[in-house]
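Asks: Right, I'll just put the structure down here and ask away after.
Derivation of every value follows stated rules applied to the coordinates shown; laboratory data play no part. Worth saying up front: this structure is predicted, and the values here are computed from it rather than measured. A quick note on method: Cβ atoms are made from the backbone with ideal geometry, for glycine too, and the neighbour counts reach across all protein chains shown.
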Ligand SMILES: C[S@@+](CC[C@H](N)C(=O)[O-])C[C@H]1O[C@@H](n2cnc3c(N)ncnc32)[C@H](O)[C@@H]1O
Ligand code: SF4
């Protein structure tokens, strides 16, 4: 489908990240605080009919890639049935999921059958005690079981997202590289972002990933590489295997000039940038009887609000919402 979504900075928007809930069954300290309150209630979330209509409107305008995220998307009931509906929308070519994998062991096969092709899994440590500390008491084993199930279900690629934190897990990169190599997973290291009070706390552990990249290239005999559909990550790949490691560096080297995405919160608010506040609320339109043409016109109107870039470095205090609202 021809892409009609070009933002004021000349970027083609082809990718929609869709949060299904702001709730989560973990409490990663850099994302959601332990006593977090004020979650949106399910009656405020777009229902599956509303999500399907809105995604169809985006797809008509040329968005071809959809990622389901959260909070934790798998705590929302019946995600597989939503996946089946979204993957049937003409123009949707790629449907993926970001998850903490705690519930994935039971969901991997149904999700694959419903149309999810690939997944990203958050995993910051392979040590059970450290994993529990980072996630506010989470158990590592169900996540590892979920990853086995994902592989068995044929979800590919499986990307492991590891937030790289000085003094927390910066001694584990080689172990994580080996784990991914053994299992055929792709590893992505992510710099901490100052999103919400939690994200700002985490930036105390900020680690510039450029030296890490250099070190891993030498240690694992890797060269600069590419990853089809790799998004903002810059990859290195092993000379002797399929192993790839990506680096997502919004702080040390931002990638805003190639941004191709927008993000929808569970209650239907479209955010034009992860690191800015511009937004457009679609729920009143969806619940007020807007036609498909009116929805499409509203999407074009919202796109005009897309800023050129985030200001994480210049204004680290700016974003008060937690990362779990939009899902990264
Ligand atoms: C908010 S989670 C939502 C999806 C799912 N619950 C998961 O953990 O993959 C999406 C991604 O955001 C990352 N994230 C959360 N807070 C962050 C922060 N302050 N800085 C960098 N990445 C963060 C997580 O590690 C995860 O990879
Ligand atoms: S990063 Fe994902 S798993 Fe961790 S608290 Fe945030 S939403 Fe939950």
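Asks: Compute the separation of the alpha-carbon centres of the stretch 27-47 and the stretch 185-209 and state it in Å as a whole number.
Replies: 20
Asks: While we're on this one: Take the Cα atoms of the stretch 229-277, find their three principal axes, and give me the spread along each one in whole Å, biggest first.
Replies: 46, 23, 14
Asks: Note down the relative contact order for the stretch 1-100 as a percent, whole number, built from C-alpha pairs under 8 angstrom at least six residues apart.
Replies: Relative contact order comes out at 37 percent.
Asks: Relative to the longest principal axis of the chain, what angle (0 to 90°, nearest 10) does the C-alpha long axis of helix 173-183 take?
Replies: For helix 173-183, the angle is close to 70 degrees.
Asks: Which percent, to the nearest 5, of DSSP beta bridges fully inside the chain are antiparallel?
Replies: Of the beta bridges lying entirely in the chain, close to 30 percent run antiparallel.
Asks: Another one. Would you calculate a helix-derived [θ] at 222 nm for the chain, using -39,500 (n - 2.57) for each DSSP H run of n ≥ 4 and dividing by the full residue count, to the nearest 500?
Replies: -9000 deg cm²/dmol, from helical runs alone.
Asks: Quick check: pseudo-label points 7 Å beyond the Cα along Cα→Cβ at residue 178 and residue 301, how many nm apart are they?
Replies: Using points 7 Å along Cα→Cβ, the separation is 5.7 nm.
Asks: Please state the shape class of the stretch 118-243: rounded when a/c is under 1.5, otherwise prolate if a/b exceeds b/c and oblate if not, all from the C-alpha gyration tensor.
Replies: Because a/c hits 1.5 or more and a/b fails to exceed b/c, the stretch 118-243 counts as oblate.
Asks: Going by alpha carbons, how many degrees (0 to 90, nearest 10) lie between the helix axis of 104-114 and the longest principal axis of the chain?
Replies: Here the helix axis deviates by roughly 50 degrees.
Asks: Using the Cα gyration tensor of the stretch 276-320, with a ≥ b ≥ c the square roots of its eigenvalues, what is the shape: rounded (a/c below 1.5), prolate (a/b larger than b/c) or oblate (neither)?
Replies: Because a/c hits 1.5 or more and a/b fails to exceed b/c, the stretch 276-320 counts as oblate.
Asks: Using the count of nearby Cβ atoms within 10 Å as a rough guide to exposure, how do 43, 208 rank from fewest to most?
Replies: 43, 208
Asks: How would you order 119-126, 241-248 from highest to lowest mean count of nearby Cβ atoms within 10 Å?
Replies: 119-126, 241-248
Asks: Over the chain, how many percent of alpha carbon pairs lie in each 20 Å bin up to the one with the longest distance?
Replies: Computed distribution, short to long bins: 32, 61, 6.
Asks: What angle, in degrees between 0 and 90 and rounded to the nearest 10, separates the Cα long axis of helix 209-219 from the longest principal axis of the Cα atoms of the chain?
Replies: 50
Asks: Something else now. With each label point set 7 Å from Cα along the Cα-Cβ vector, what nm distance links residue 52 and residue 12?
Replies: 2.9
Asks: Now for a separate question. Take the alpha-carbon centre of the stretch 251-297, take the same for the stretch 234-248, and report the distance between them in whole Å.
Replies: 32
Asks: Assuming a ≥ b ≥ c are the square roots of the Cα gyration tensor eigenvalues, decide whether the stretch 179-278 counts as rounded (a/c under 1.5), prolate (otherwise, with a/b larger than b/c) or oblate.
Replies: Prolate, because a/c is 1.5 or more and a/b exceeds b/c.
Asks: Still on this structure, please answer the following. Using the number of other C-beta atoms within 10 angstrom as an exposure proxy, rank 19, 279 with the fewest first.
Replies: Neighbour counts put them in this order, fewest first: 279, 19.
Asks: Now for a separate question. What is the stretch 205-305's relative contact order, in percent, from Cα pairs under 8 angstrom and six or more apart in sequence?
Replies: Rounded, it is 15 percent for the stretch 205-305.
Asks: Moving on. Describe numerically, in nm with one decimal, the distance between label points set 7 Å from Cα along Cα→Cβ at residue 129 and at residue 3.
Replies: 4.9
Asks: Another question, then. Going by how many other beta carbons lie within 10 Å of each one, how would you line up 256, 31, 273, fewest first?
Replies: 256, 273, 31
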